[in-house]
Amino acid sequence: MNIQTSIPAPARLAPAGTLPLPSSVAPPRIVWPYALGVAGYHLVAMLAFVPWFFSWTGVVLAIAGLYVFGMLGINLCYHRLLTHRGLVCPKWLEHSFAVLGICCVQDTPARWVAVHRRHHQHADEQPDPHSPLVSLFWGHMGWILVENDDLRRLGIYERYAKDILRDKFYAKMERHGWWMWVIVIQWGVFFAGGCLAAGLSGDGAMAAVQFGASVLVWGVFLRTVVVWHITWSVNSIAHRWGYRNYETDEGSRNNIVVGLISSGEGWHNNHHADPRSARHGHRWWELDVTWLTIRLLMMLGLAKNVATPSPHLTSAAACRQLSTHDYEVSPDR
Ligand SMILES: [Zn+2]
Ligand SMILES: [Zn+2]
């Protein structure tokens, strides 16, 4: 990150509709596998409201899953560790967290990292993959549903994800759709685990299947959809509404609701001001559960080289314009 104080104030806080679609999108073409996947997951998740699929175990698994899969897999691993290199974990632990991230169906680690690094480099400018200045729906989920030539794997990997793909584990996840098999195995583990637990406790075959189905619908499908909308809210809501601790040269905001439901990712203005920091909550009351978890890992000796907010941020320069777009996006190491 480079802090400058002389750049002109851009039109970052303009209303939605003031930024065109990325030129690499026109004309919009639907990516059917993604569109059907997103629609299918939402439809299956809605079965949670059918009484036959209800169980309290499913509810507990869904809530715990927000933390285990969303927080550890996406926030800690995909975002703060892999994208921004804000901490280092032992490889076995990093890869385990990455598997949890893959289970969240937000694409492979390399693709997530590449798209997000591009977002930081062009946030709220025309090539931003998901600026809500195009429209709130576009920034939230519209961008996932259409082809964007800018985000084709080979091109974007070469530019933004070389460091990720040097790791054989992540390279392997790209090949032969392996990451999708991880997702399918997840379905099987939850369903079979539920059936087995009910069977062992003496339930009949039909009751065991019903329990397994409730564990699958609540513990996987509903949880995945909720984690999606939490992650997407950081891109949409936290670039539109909230307060700003730093005058960054894009529209990022600290949004209290998103900050709390996302375990700290919604302190998004803090994050754009200092992307590498593994701590997103900068003020004492900006609760950052992901950061508390990283501190726990540090105490256990499972996280090191942890980046904390830059001292530059507290200097007088931070009160003026912070240039964040020239952030080093692809550490070539
Ligand atoms: Zn952002
Ligand atoms: Zn980021």
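Taking R0 as 51 Å, what's the FRET efficiency between M180 and H312 from their Cβ-Cβ distance, rounded to 0.05?
0.75
Using R₀ = 25 Å, calculate the FRET efficiency as 1/(1 + (r/R₀)^6) where r is the Cβ-Cβ separation of L66 and M299; round to 0.05.
0.60
Checking understanding here: applying a Kyte-Doolittle mean of at least -0.5 and a length along the axis of at least 30 Å (C-alpha), which whole DSSP H helices in the chain pass?
178-200
What length, rounded to one decimal in nm, is gained on full extension from L196 through to S23, with 0.36 nm per residue of separation minus their alpha-carbon distance?
Stretched out fully, the L196 to S23 stretch lengthens by 57.1 nm.
Among T18, T231, what is the fewest-to-most ranking by other Cβ atoms within 10 Å?
Arranged by neighbour count, lowest to highest, T18, T231 become T18, T231.
Simple spin-label model, 7 Å along Cα-to-Cβ: Q126 to E247 in nm?
Each label point lies 7 Å from its Cα, and together they span 2.7 nm.
Within the range 105-127, find all residues whose amide N lies under 13 Å from a label point positioned 7 Å from the Cα of L43 along Cα-to-beta-carbon.
none
Looking at I30, V225, P20, which one has the Cα that reaches farthest to the positive end of the dipole of the chain (charges on Cβ: Lys, Arg +1; Asp, Glu -1)?
Of the options given, the answer is V225.
In nm, give the distance between the simple-model label positions of E158 and M206, each being 7 Å from the Cα along the Cα-to-Cβ direction.
My value for the distance between the label points is 6.0 nm.
Once every DSSP H run of n ≥ 4 in the chain is given -39500 (n - 2.57) and the sum is divided by its residues, what mean residue ellipticity at 222 nm do you get, rounded to the nearest 500 deg cm²/dmol?
-13000 deg cm²/dmol
Relative to the present Cα-Cα distance, how much length would full extension add between E147 and V88 at 0.36 nm per residue of separation?
This chain segment gains 17.9 nm when fully extended.
Quick check: net charge around S310, other residues with Cβ under 12 Å of its Cβ, Lys/Arg +1 and Asp/Glu -1?
Combined, the nearby Lys, Arg, Asp and Glu give +1.
Please check which bits of the range 18-42 a label hung off H229 would reach, taking the label as a point 7 Å along Cα-to-C-beta and the cut-off as backbone N under 17 Å.
In the range 18-42, the label zone of H229 (backbone N under 17 Å from the point 7 Å along Cα→Cβ) covers 38-42.
Every read-out reported here was derived from the displayed coordinates using simple, explicitly stated rules and does not represent laboratory data. Just so we're clear, the structure is a prediction, and the values are computed from it rather than from any experiment. Positions of Cβ are generated from backbone atoms using ideal geometry, with glycine treated the same way; all protein chains shown enter the neighbour counts.
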